[in-house]
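So the structure is just underneath, and the comments pick up after that.
Throughout, read-outs are computed from the coordinates displayed, never taken from laboratory work. These numbers were taken from a predicted model, which means no experiment stands behind them. In this analysis, Cβ positions are derived from the backbone assuming ideal geometry, glycine residues included, and neighbour counts consider all displayed protein chains.
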């Protein structure tokens, strides 16, 4: 990928932003909870997807009103990883995701992926995008804190050698956009993860689009000059 210090970079979340995997994660978390003897409605789980695995596990356990300890949270994360791995083959790219990334590459606009997932689960998901090894990918394993902390996006901008303050963070959850605000980047929200437009805008989204295809059709609105 070409280095372009003077162009704003696109820093993409993965699940729900480039690939249609949010509900696979939701069902995997439900299975993990049930394996731990905990029942929780899926809508409550969905509201937490996009956070780091550790924070999400702790948040889900708090929803039950029971005390949370490190051992429970770690067990829940392990069970989730195993459950998601069984569903990963069903994950597909979101409409326009491959075309959007290909266009940015051809236009020499720098981009990277920053995901709260750990490398093992992220590797399976990334395969559906057919990305080459040159694409910068930052996972939870590589930073101290994940979303809603800004570490993932800061690390992605650093990997691209671009200024985070002129970069666009593209995500589908309020956690992505909160992280973007804390990084002082411009946030772009996508509805493809199940959050509503009002929620994404309240969390700091500068623009909101349906999915990657919709964003591709409106790149001029965020300063990318199509065909120029």
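Just a few scattered comments:
- Footprinting exposure proxy ranking of 165, 46, fewest other C-beta atoms within 10 angstrom first, gives 165, 46.
- Percentage of interatomic Cα-Cα distances in the chain larger than 29 Å: 22
- Oblate is the label for the range 147-222. Its Cα gyration tensor axes, ordered a ≥ b ≥ c, give a/c of at least 1.5 and b/c at or above a/b.
- Prolate/oblate/rounded label for the range 91-168 (Cα gyration tensor, a/c 1.5): oblate
- Taking the longest Cα principal axis of the chain as reference, the axis of helix 151-160 is set at about 30 degrees.
- Computed over the chain: relative contact order in percent, which uses C-alpha pairs under 8 Å that are six or more apart: 26
- Packing-based exposure ordering (other Cβ within 10 Å, fewest first) of 198, 158, 13, 214: 198, 158, 214, 13
- With neighbour counts taken as other beta-carbon atoms within 10 Å, the residues 14, 131, 190 rank, fewest first, as 131, 14, 190.
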